[in-house]
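Chemist: First the structure, which I've put down as structure tokens, then a few questions once you've had a look.
The values are calculated or read from the model by the stated rules, or taken from the named source; none is laboratory data. For clarity, every value in this text was computed on a predicted model and none was experimentally measured. Glycine also receives a Cβ, built like all others from the backbone with ideal geometry; neighbour counts cover every protein chain displayed.
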Ligand code: HEM
């Protein structure tokens, strides 16, 4: 079967300029990725720190898990932004993929609800001098597993979207009389595992950067021993992130990208983007190792946080470029006719700006509510 025949090439049109859709898809995904990384890798890290660590490691675990209900709320809401824009311009690829794996895709809701309740149950009503009850421990581990399961479902959906060649196989092996059962996954696609693991590697780095930012901005009441522990431990986690992401990224790029895609991403001006994406992960680690040890204040922590955010931005841009190239083999998304629908567009912009401003205001309130810095 010619995979090109599977893509509907009729010109349906898009309701906003393609550059606008691209910009907000990438921005929205980056804003989703930052908190998402903290529950993807952060919860399992927190559970391990509590299980295996000493007193400061347990403090760190407790801090992370107490913040988690808010982090999940922010990340889930920010996830809606890229989802909106995928459905707007990439629907010819997004819907077939998520129909082929419909039960798993719909199951995200069923997995997310107990995962979210789990972090609430873990965090709420846990007094500082109390030990963690077995019920709370079980809830924490269960949430960690459920969030990891959801991440795997997302990696399947996003990789299946562009794996048009793989659609017939997924469809035929999960169909009755030609009707898709929706029980497929993209397991036959070699890009799936390294792509998923790459995101986990990035997530470890975001968790490390957040530990530093949290210590500087929100943990003024913690002891000096705690701050010293963060200064020692965050670079170790960031180093693990760099090694993990380098291994998964190399597997993804050199082991699974088709030759043509690799040539494009390593040729012309795109080589700069590819190399910068590969190298970026080292920046937060370098900052932690140099500035973080000598001047562990708020300014340094902010730079470390911004550097990690930059890592996520450049990864989001690269992912978008690769997605467009993969889809470009089948359909020219940018050439779709555009008929701008101003009222929803303006409405989106207003709500988006107000939403981001409210989040910034809430963060400012939390900083204010923490005790005034003693260092
Ligand atoms: C339920 C609310 C959520 C929404 C609306 C949402 C939305 C999205 C969207 C739209 C993307 C793709 C962005 C793009 O390619 O431009 C994405 C990617 C991703 N999301 Fe979420 N998300 C949600 C929850 C979660 C949860 C709970 C996890 C668990 C860790 C998660 C993990 C991921 C991962 C790992 C990716 C990258 C997948 C890949 O491309 O390989 N998301 N999310």
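Chemist: Do we find a residue being loosely packed, with under 15 Cβ neighbours inside 10 Å and not in a loop (DSSP other than H, G, I, E, B) anywhere in the stretch 153-166?
Modeler: No, because not a single residue in the stretch 153-166 is loosely packed, with under 15 Cβ neighbours inside 10 Å and not in a loop (DSSP other than H, G, I, E, B).
Chemist: Quick check on my filter: what residues within the stretch 231-270 are outside any helix (DSSP H, G or I) and buried (at least 17 other Cβ atoms within 10 Å of the Cβ)?
Modeler: 257
Chemist: Any residue in the stretch 344-354 that is touching a residue at least 24 places away in the same chain (Cβ under 8 Å), within 27 Å of residue 164 (Cα to Cα) and within 23 Å of the chain's Cα centre (by Cα)?
Modeler: No.
Chemist: May I pose another question? Go through the residues of the stretch 99-106 one by one and say whether even a single one is surrounded by 20 or more Cβ atoms within 10 Å (Cβ to Cβ) and either in a helix (DSSP H, G or I) or without any contact (Cβ under 8 Å) to a residue 12 or more places away in the chain (or both). Even if it seems obvious, please write down each step before you answer.
Modeler: Initial filter on the stretch 99-106 (surrounded by 20 or more Cβ atoms within 10 Å (Cβ to Cβ)): 100-101, 104.
Right, trim to either in a helix (DSSP H, G or I) or without any contact (Cβ under 8 Å) to a residue 12 or more places away in the chain (or both) and you get 100, 104.
The answer is yes, given that some residue of the stretch 99-106 is surrounded by 20 or more Cβ atoms within 10 Å (Cβ to Cβ) and either in a helix (DSSP H, G or I) or without any contact (Cβ under 8 Å) to a residue 12 or more places away in the chain (or both).
Chemist: Continuing with the same structure: What tally of residues in the stretch 1-23 results from selecting those that are within 16 Å of the ligand (Cβ to nearest atom) and in a helix (DSSP H, G or I)?
Modeler: So the answer is 6.
Chemist: Being more than 18 Å from the chain's Cα centre (by Cα), closer than 16 Å to residue 144 by Cα and within 12 Å of the ligand (Cβ to nearest atom) is the filter here; which residues of the stretch 99-117 pass it?
Modeler: 110, 113, 114, listed by residue number.
Chemist: Sticking with this structure for a sec: Taking residue 53 as the residue in question, decide whether it is surrounded by 16 or more Cβ atoms within 10 Å (Cβ to Cβ) and under 18 Å from the mean Cα position of the chain (by Cα).
Modeler: no
Chemist: Considering only the stretch 24-41, I want to know if a residue exists there that is part of a helix (DSSP H, G or I) and over 17 Å from the mean Cα position of the chain (by Cα).
Modeler: Taking the stretch 24-41 as the starting set, the residues that turn out to be part of a helix (DSSP H, G or I) are 24-40.
So of that shortlist, the ones also over 17 Å from the mean Cα position of the chain (by Cα) come out as none.
No, the conditions are met nowhere in the stretch 24-41.
Chemist: Give 155, 89, 131, 107 a once-over and let me know the one that is touching a strand residue (DSSP E or B) at 6+ places or on another chain (Cβ under 9 Å) and over 28 Å from residue 361 (Cβ atoms). Step through it out loud before you land on a result.
Modeler: Working: 155 fails: touching a strand residue (DSSP E or B) at 6+ places or on another chain (Cβ under 9 Å); 131 fails: touching a strand residue (DSSP E or B) at 6+ places or on another chain (Cβ under 9 Å); 107 fails: touching a strand residue (DSSP E or B) at 6+ places or on another chain (Cβ under 9 Å).
Sole residue among the options that is touching a strand residue (DSSP E or B) at 6+ places or on another chain (Cβ under 9 Å) and over 28 Å from residue 361 (Cβ atoms): 89.
Chemist: If you take just the helices (runs of 4 or more DSSP H) that sit entirely in the stretch 282-348, which of them hold at least 3 residues that are within 16 Å of the ligand (Cβ to nearest atom) and surrounded by 18 or more Cβ atoms within 10 Å (Cβ to Cβ)?
Modeler: In the stretch 282-348, the matching helices (runs of 4 or more DSSP H) lie at 298-328.
Chemist: Checking the structure you have, find out if any residue of the stretch 143-157 is within 22 Å of the chain's Cα centre (by Cα), within 14 Å of the ligand (Cβ to nearest atom) and within 30 Å of residue 338 (Cβ to Cβ). Walk me through how you get there before you give the answer.
Modeler: From the stretch 143-157, those within 22 Å of the chain's Cα centre (by Cα) are 143-157; that's our starting set.
So of that shortlist, the ones also within 14 Å of the ligand (Cβ to nearest atom) come out as 143-157.
Restricting the remaining residues to those that are within 30 Å of residue 338 (Cβ to Cβ) gives 154, 157.
There is at least one residue in the stretch 143-157 that is within 22 Å of the chain's Cα centre (by Cα), within 14 Å of the ligand (Cβ to nearest atom) and within 30 Å of residue 338 (Cβ to Cβ).
Okay, residues lined up against (1) modelled with pLDDT of 95 or more; (2) more than 30 Å from residue 226 (Cα to Cα):
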| site | (1), (2) |
| --- | --- |
| 79 | yes, yes |
| 82 | yes, yes |
| 88 | no, yes |
| 101 | yes, yes |
| 124 | no, no |
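Chemist: Kindly indicate the residue of the stretch 72-91 that is buried (at least 21 other Cβ atoms within 10 Å of the Cβ) and without any contact (Cβ under 8 Å) to a residue 60 or more places away in the chain and also nearest to the ligand (Cβ to nearest atom) among those meeting that condition.
Modeler: Among them, the one singled out is 82.
Chemist: Also, I was wondering about something else. Can you tell me which residues in the stretch 117-137 are surrounded by fewer than 16 Cβ atoms within 10 Å (Cβ to Cβ) and within 30 Å of residue 192 (Cβ to Cβ)?
Modeler: 117
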